[in-house]
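Undergrad: Got a structure for you, questions after.
Each value in this text was obtained by applying a stated rule to the coordinates, not by laboratory testing. Because the structure is predicted, anything quoted here is derived from the model rather than measured. Glycine gets a Cβ as well: all are built from the backbone with ideal geometry, and neighbour counts include every protein chain shown.
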Amino acid sequence: MRQSKLFIKTRKEAPADEVAKNAKLLIRAGFVDKLQSGVYTYLPLGLRVLKNIENIIREEMNLVNGQEVLMPTLHPKENWETTGRWKAMTDLYKVTDSSGRENALGPTHEEVVVPLVKQFVSSYRDLPFSVYQFQNKFRMELRAKSGILRGREFMMKDMYSFHRDPKEFSAYYETVKNAYKNIFDRVGIGAQTYLTFASGGTFSKYSHEFQAITTAGEDAIYICDKCCIAVNKEIIEDQKNSCPECGNKSLRAETAVEVGNIFDLKTKFSAPFGLTYKDESGVEQPVLMGCYGIGLGRVLGTIVEVLGDEKGLVWPKEIAPFMVHLVEIPSENPLVRKGAEKLYKDLVKKDVKVLWDDRDLRAGEKFADSDLIGIPLRVVVSEKTLAGKKFEVKERSSGKVSMLDGSQLLKKCVAS
């Protein structure tokens with residue numbers, strides 16, 4: 001893509017009302033635009049990153065036999081009354097149409113997925129299975145102050161699994177737990193993200209969160225470095241300030257943000273809707289459920305908080321909007337444009353995603369924009385590089401600079 005054709009522009013300053021690092025950098029770099037508090041538009045560059053995160057999650061959910069669906073955002077009041085959450089859920093957006101019909105804008109989808117599944121499950125032979133989706137969620141968030149980390153409208157992956165017995169559920173729960181670890185490794189924050197024990201309420205001893213360490217977070221967690229797990233603030237006293245795995249009492253306190261969660265729902269939602277199955281003996285049995293959520297925007301914002309630096313964004317290769325930022329230094333010599341165009345076409349032929357900065361701007365402005373946008377590799381084409389028959393290549397994450405000829409450059413980009 002030619003950068004001159006992008007309708008968005010970078011900014012030198014972020015809006016004065018933004019305090020979160022993720023929002024400041026994403027807005028300045030032209031990845032998102034703020035419509036109102038807690039509501040953002042994903043612009044072309046930002047959407048590419050969001051879709052890359054989505055594809056990683058999709059791949060991992062497919063590997064644990066999740067089946068993708070897309071459920072409605074508009075939920076009938078009756079479903080929410082069935083579970084008792086129409087009145088109990090305080091952050092539920094409620095809308096009424098001209099006929100007086102009431103609906104909820106879905107903040108989660110248990111009230112939709114269980115009646116859906118009930119149509120297709122009757123026998124033990126129908127279980128187990130899981131379904132997931134990527135869908136906009138709506139929550140009446142009164143503290144929408146952390147950029148895209150805490151929104152009123154946000155994209156989420158939610159998966160629901162359905163099981164015959166606790167043993168079957170537990171095995172699947174552990175499988176998804178490992179899939180989540182893979183996801184956070186692949187998006188670049190695995191080293192900062194801990195499986196965190198949280199209260200399971202009345203349904204189980206524990207639920208689990210995935211918490212990423214960052215000063216932008218609003219959660220307090222206590223890390224056991226022996227087990228590489230954590231305990232959240234709400235249950236640390238119940239745990240007697242010790243690790244639930246090994247009993248270690250030397251826990252390290254950190255500030256973190258929740259980037260994912262997994263829950264044992266047991267029959268909390270299947271029972272109100274009468275979701276059951278007949279076992280081998282023909283006896284009706286309750287269906288057990290689990291749910292597994294990841295907020296895509298929150299993951300994206302956390303990556304910015306964790307990896308962004310004083311110059312701008314720093315994208316891991318697997319989720320970057322482009323792999324190469326081809327920076328052409330304007331020149332009266334027509335060979336510079338020809339050299340940049342040839343390199344661009346050569347990279348595209350190798351399926352390398354390239355953003356070509358073909359704008360008529362000074363080199364300093366282009367380099368500053370390149371650092372702000374945060375694409376993994378910056379490749380400079382100029383009179384100097386053409387004269388030396390080598391390209392200047394800079395790695396955004398490390399700052400390492402090397403001079404490579406055409407074949408070396410193509411090899412490096414393809415390998416990346």
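Undergrad: Just the projected area, averaged over all directions, of the convex hull on the alpha carbon atoms of the stretch 80-139: how many nm²?
TA: Averaged projected hull area, Cα only: 5.5 nm².
Undergrad: What does the helix-only formula give at 222 nm for the chain: each DSSP H stretch with n ≥ 4 adding -39500 (n - 2.57), the total divided by the residues, and the result rounded to the nearest 500 deg cm²/dmol?
TA: The helix contribution divided over the chain gives -9000 deg cm²/dmol.
Undergrad: Would you work out the charge dipole size for the stretch 45-194 about its Cα centre, treating the Cβ of every Lys and Arg as +1 and the Cβ of every Asp and Glu as -1, and quote it to the nearest 20 debye?
TA: Roughly 420 debye for the stretch 45-194.
Undergrad: Tell me the label-point distance for the pair Arg362, Arg143, using the 7 Å Cα-to-Cβ offset, in nm and rounded to one decimal.
TA: 4.5 nm
Undergrad: Kyte-Doolittle mean at least -0.5 and Cα extent at least 20 Å along the axis: which DSSP H helices of the chain qualify?
TA: In the chain, the long hydrophobic H runs are 44-63.
Undergrad: What would the Debye formula give as log10 I(q)/I(0) at q = 0.08, 0.17 Å⁻¹ for the alpha-carbon point model of the stretch 252-392, no solvent?
TA: For the stretch 252-392, the Cα-only Debye profile gives -0.45, -0.97.
Undergrad: A follow-up question, please. What relative contact order, as a whole-number percentage, does the stretch 8-307 give when Cα pairs under 8 Å and 6 or more residues apart are counted?
TA: It rounds to 20 percent for the stretch 8-307.
Undergrad: Taking the stretch 304-347, which GluC sites (Glu not before Pro) meet the DSSP loop condition and have no more than 11 other C-beta atoms within 10 Å?
TA: Counting only loop positions with at most 11 other Cβ atoms within 10 Å, the GluC sites (Glu not before Pro) in the stretch 304-347 are Glu310, Glu332.
Undergrad: Determine the alpha carbon to alpha carbon distance for each of Lys12/Lys311; Lys226/Lys268; Lys77/Lys268; Lys24/Lys366; Lys345/Lys412; Lys338/Lys400 and list only those over 23 Å.
TA: Lys226/Lys268; Lys338/Lys400
Undergrad: Now, a different point. Just want the answer: with Cβ charges of +1 for Lys and Arg and -1 for Asp and Glu, which residue in Leu355, Val401, Gly388 is farthest toward the dipole's positive end in the stretch 308-416?
TA: Gly388
Undergrad: At 4 °C and a viscosity of 1.567 mPa s, what translational diffusion coefficient does Stokes-Einstein give for the stretch 1-140, taking Rh as the Kirkwood radius over Cα pairs? Give it in µm²/s as a whole number.
TA: My calculation gives 70 µm²/s for D.
Undergrad: Taking only Cα atoms of the chain, what ratio of Rg to Rh do you get with Rh as the Kirkwood inverse-distance radius?
TA: 1.04
Undergrad: If you add up the charges near Asp126, with Lys and Arg at +1 and Asp and Glu at -1, over every other residue whose beta carbon is less than 12 angstrom from its beta carbon, what do you get?
TA: Net local charge, Asp126 excluded: +3.
Undergrad: Can you grab the distance from the C-alpha centre of the stretch 21-48 to the C-alpha centre of the stretch 132-175, Å, no decimals?
TA: Between the Cα centre of the stretch 21-48 and that of the stretch 132-175, the gap is 22 Å.
Undergrad: For a Förster distance of 22 Å, can you work out the FRET efficiency between the beta-carbons of Ser170 and Asn65, rounded to the nearest 0.05?
TA: Once rounded, the FRET efficiency stands at 0.85.
Undergrad: Here is a further query. Pop out the ³J(HN,Hα) list for the stretch 351-362 in order, Karplus 6.51 cos²θ - 1.76 cosθ + 1.60 with θ = phi - 60°, rounded to Hz; leave Gly and Pro as x.
TA: Working through the residues one at a time gives 6, 8, 7, 10, 9, 9, 7, 9, 6, 8, 10, 5 Hz.
Undergrad: Can you work out the base-10 log of I(q)/I(0) for the stretch 92-194 at q = 0.16, 0.19, 0.25 1/Å, using the Debye formula on its C-alpha atoms alone?
TA: Listed by q, the Debye log ratios stand at -0.98, -1.14, -1.29.
Undergrad: A follow-up question, please. Compute, for the chain, the length of the dipole vector about the Cα centre, with Cβ point charges of +1 (Lys, Arg) and -1 (Asp, Glu) only. Units Debye, rounded to 20.
TA: 1300 debye
Undergrad: Another question, then. Of Val259, Pro76, Leu63, which is farthest along the charge dipole of the stretch 8-307 in the positive direction, counting Lys and Arg as +1 and Asp and Glu as -1 at C-beta?
TA: Farthest along the dipole direction, towards plus: Val259.
Undergrad: If one puts a single equal scatterer on every Cα of the stretch 202-318 and applies the Debye formula without solvent, what log₁₀ I(q)/I(0) results at q = 0.17 Å⁻¹?
TA: Debye curve over Cα of the stretch 202-318, log10 I(q)/I(0) at q = 0.17 Å⁻¹: -0.94.
Undergrad: If the convex hull of the alpha-carbon atoms of the stretch 324-415 is projected onto planes in all directions, what is the mean projected area in square nanometres?
TA: Mean projected area for the stretch 324-415: 5.3 nm², to one decimal.
Undergrad: Something else: Count the DSSP beta bridges whose two residues both fall in the stretch 324-415, then state the antiparallel fraction as a percent rounded to the nearest 5.
TA: 45 percent
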